[in-house]
Structure formats: C-alpha cells, structure tokens
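Presented below is the structure to which this report refers.
The values are calculated or read from the model by the stated rules, or taken from the named source; none is laboratory data. Being a predicted model, the structure only gives us computed values, none of them experimental. Backbone-built Cβ (ideal geometry, glycine too); neighbour counts: all protein chains shown. Surface areas here come from the heavy atoms of the whole protein model, side chains and all, with no ligands, DNA or RNA. Shrake-Rupley method; radii C 1.70, N 1.55, O 1.52, S 1.80 Å.
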Amino acid sequence: MTDHRPAWAPSEVDIEQPSAARMYDFYLGGSHNFPSDRALAEQYIRVLPDMPVIARAQRAVLQRAVRFMAEAGIDQFLDLGSGIPTAGAVHEIAREIEPGARVVYVDCDPVAVAHTAALLDGVEGAGAVYADLRATASVLNDSVVGELLDLTRPVGVLMIAVLHFVADQDDPAGVVEAYRQATVPGSYLAITHATSDYHPELARKAEAVYTRASHQISYRSRDEIAAMVAGYELVEPGLTDMIRWRPDPRSGPDPLGGDVTRYSGYAAVGLRP
Ligand SMILES: C[S@@+](CC[C@H](N)C(=O)[O-])C[C@H]1O[C@@H](n2cnc3c(N)ncnc32)[C@H](O)[C@@H]1O
C-alpha cells in the first residue's frame with residue numbers, strides 16, 4: 001500500500017523508505033515522519049526502549065557543546081547531519097551567547113533540509129545545505145557555506161549522532177580529519193556516537209533494524225570512536241559517556257537513573273590545535 005504523501009513532503013522523497021532523519025524526529029516526538037519511518041522506529045524502540053530518552057540526551061549534549069563553544073568565543077558553526085529541526089536549534093542556542101552567530105546546517109535528507117530552510121526563512125546569518133557530509137570538498141565549497149562562514153576564522157563543527165551513520169568503508173576518521181584540516185587552529189569539534197561497549201548483543205540487534213533504513217548504523221567501541229577525534233585536543237572530561245559530558249547542574253534527575261550503559265553513547269568536544 002502506498003503511504004499518504006503530505007503536502008509538505010518534497011516530491012523527490014521516497015516516503016516508503018524509512019529515513020534515519022525522520023525516525024529520529026519520531027523518537028524526539030516530532031511530526032515530520034511517515035508511516036514507514038514510524039513502523040521501523042517502533043521496531044527499533046522494541047529493541048531499545050530507551051531510544052526516545054537517548055535521543056533527548058543527545059540533543060542536550062548538542063546544546064551543552066554549542067554553549068561551551070559560544071562561551072569560548074566561537075561565533076560560526078557547521079552542523080553536519082543536522083537533522084529535522086526541533087526546539088533548541090543551534091542558532092537559537094548559540095545566539096543566546098553570541099547574538100551574531102552564523103550557522104550552516106547540512107543534511108542529506110530532503111525533509112530535514114526543507115524543514116530547516118522553512119525554519120530559517122527570515123533568519124539572517126543561517127542557512128541549510130542539502131549535501132552528503134562524506135563529500136567533504138563539496139560541502140566545504142558549497143556557496144551557502146562560503147557566504148555564511150569565514151573559514152579563516154575558528155568554526156565549531158558539530159557531528160552529533162551522525163558518525164555512526166558513516167560506514168567503516170567510508171572512513172569516518174578520514175571524514176573528520178578532512179573537516180579538521182579545513183578549519184583553523186582554535187576551531188572546535190563536537191561529536192556523539194553510539195557504542196557497542198556496554199551491550200554488544202543489543203547493539204547488533206539495533207544495527208540489524210537499521211539495515212532497512214536510509215542509513216545503516218554502526219555501534220562502535222570507545223577506541224574506534226577515540227581514533228576519529230585523535231587530531232583534536234579534547235576538552236575536559238574527554239571522550240566520555242554522553243550524560244557525563246559537562247552535565248548541566250540545572251537539569252533535573254536523570255530519567256534513566258544515571259545508568260550510562262542504558263545510554264550506550266559517548267560524547268567529546270575537541271579543540272583543533
Ligand atoms: C540521528 S540524526 C541526528 C540529527 C542531529 N545531529 C541531532 O543531533 O539532533 C542523524 C542525521 O544525520 C543525517 N545524515 C546521516 N548520514 C549523513 C550524511 N552522509 N550526510 C549528511 N547527513 C547525514 C541524517 O539524515 C539525520 O538527519
């Protein structure tokens with residue numbers, strides 16, 4: 001049966017193919033997803049019932065990392081794999097600290113890019129780019145990137161919950177390195193990444209669900225993830241369980257009782273030397 005296509009869905013979108021971006025939107029309680037996305041996301045939640053909480057924790061890391069960078073003086077951001085916009089977008093958070101902050105959002109999901117562009121309508125200094133982050137040269141040479149970001153000055157590069165969608169054969173560490181080389185000293189990188197360290201069997205089951213999605217997911221070990229950020233000087237507390245990366249003392253009790261094994265994900269922020 002063909003899914004009903006809402007008016008806002010860009011015509012090039014295959015709404016029968018579950019998308020990693022729209023499944024994530026579903027975990028976060030958003031409405032920019034189709035029946036095929038919801039069906040696979042629900043299957044994933046059956047394997048990993050904590051996923052909606054994990055997704056929120058990941059958004060919280062993104063926001064803490066952006067605040068950290070803005071407080072360090074970063075006023076331009078390149079958000080790679082930015083997803084479907086939700087409350088607390090990067091430009092909103094950054095501008096609480098750096099009112100003139102510029103942000104380029106990059107994603108390869110047409111629905112994510114269309115909604116980001118709609119959100120940014122009338123917003124100066126922020127733009128959305130439809131691109132595959134693995135094509136580093138074409139992202140870096142994109143006209144919107146060139147217009148909004150000055151790569152001769154420090155940039156905050158964000159790769160939140162996206163490197164686990166870059167397969168080993170696509171060399172995720174090499175992709176990170178290409179962006180590192182394109183930025184000047186004083187730039188920062190923030191990442192989060194799903195790990196197989198705590199529940200390897202669950203991780204394999206979770207990976208199996210995503211073989212039906214637009215992007216395969218690879219849960220990796222701490223060492224594999226550390227290798228991706230090896231070119232950066234990690235700020236305290238280094239590569240750590242995501243809820244332990246500079247937790248906000250103002251946030252309430254942890255919904256999973258602070259059990260890092262249930263989050264199964266690491267975070268790090270590094271300074272480009
Ligand atoms: C789990 S979501 C995370 C979204 C956002 N970073 C956040 O933290 O809320 C992963 C996003 O990465 C995007 N993505 C995956 N592989 C990508 C690629 N090669 N190039 C660009 N975007 C990619 C997906 O489309 C999706 O929107």
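Here are 112, 117, 94, 101: which of them is surrounded by 23 or more Cβ atoms within 10 Å (Cβ to Cβ) and either closer than 22 Å to residue 18 by Cα or within 11 Å of the ligand (Cβ to nearest atom) (or both)? I'd like the intermediate steps shown before the answer.
On the way: 117 fails: surrounded by 23 or more Cβ atoms within 10 Å (Cβ to Cβ); 94 fails: either closer than 22 Å to residue 18 by Cα or within 11 Å of the ligand (Cβ to nearest atom) (or both); 101 fails: either closer than 22 Å to residue 18 by Cα or within 11 Å of the ligand (Cβ to nearest atom) (or both).
One residue alone meets the criteria, 112.
Is there any pair with a first residue in segment 209-233 that is under 23 Å from residue 188 (Cα atoms) and in a loop (DSSP other than H, G, I, E, B) and a second that is open to solvent by 60 Å² or more (accessible area, probe 1.4 Å) and not β-branched (Val, Ile, Thr) whose Cβ atoms are under 9 Å apart and which are 6 or more apart or on different chains, and what are they?
As it stands, the answer is 221/197; 231/181; 231/273; 232/273, since those pairs meet every condition given.
Here is a check on your reading of the model: is residue 151 within 16 Å of the ligand (Cβ to nearest atom) and either open to solvent by less than 50 Å² (accessible area, probe 1.4 Å) or within 12 Å of residue 76 (Cα to Cα) (or both)?
Values: within 16 Å of the ligand (Cβ to nearest atom): no; either open to solvent by less than 50 Å² (accessible area, probe 1.4 Å) or within 12 Å of residue 76 (Cα to Cα) (or both): yes.
It is false that residue 151 is within 16 Å of the ligand (Cβ to nearest atom) and either open to solvent by less than 50 Å² (accessible area, probe 1.4 Å) or within 12 Å of residue 76 (Cα to Cα) (or both).
Which residues, counting only those in segment 184-223, are closer than 22 Å to residue 138 by Cβ, β-branched (Val, Ile, Thr) and open to solvent by less than 10 Å² (accessible area, probe 1.4 Å)?
Selection gives 191 alone.
Would segment 214-227 turn up any residue that is within 19 Å of the chain's Cα centre (by Cα), more than 24 Å from residue 23 (Cα to Cα) and among the charged types (D, E, K, R)? Working first, answer last.
Step one: list which residues in segment 214-227 are within 19 Å of the chain's Cα centre (by Cα), which gives 214-222, 224-227.
This time we only want the ones that are more than 24 Å from residue 23 (Cα to Cα), so: 222, 224, 226-227.
In the following step, the residues that additionally are among the charged types (D, E, K, R) were identified as 222, 224.
Checking segment 214-227: at least one residue is within 19 Å of the chain's Cα centre (by Cα), more than 24 Å from residue 23 (Cα to Cα) and among the charged types (D, E, K, R).
Please state which of the following conditions residue 72 fails to meet, knowing it meets all the rest: (1) away from the ligand (no atom under 12 Å from the Cβ); (2) of a type outside the set (S, T, N, Q); (3) farther than 20 Å from residue 60 by Cβ; (4) out of contact with any helix residue (DSSP H, G or I) (no Cβ under 9 Å at 6 or more places or on another chain).
(3)
Could you tell me whether residue 125 is touching a Gly at 6+ places or on another chain (Cβ under 8 Å), among the small types (Gly, Ala, Ser) and open to solvent by 50 Å² or more (accessible area, probe 1.4 Å)?
Details: touching a Gly at 6+ places or on another chain (Cβ under 8 Å): yes; among the small types (Gly, Ala, Ser): yes; open to solvent by 50 Å² or more (accessible area, probe 1.4 Å): no.
In short, no.
Working only within segment 73-95, note down all residues that are among the hydroxyl-bearing types (Ser, Thr, Tyr) and either in a strand (DSSP E or B) or over 11 Å from the mean Cα position of the chain (by Cα) (or both). Lay out the reasoning, then the answer.
Of the residues in segment 73-95, the ones among the hydroxyl-bearing types (Ser, Thr, Tyr) are 82, 86.
Within segment 73-95, 86 is the sole residue that qualifies.
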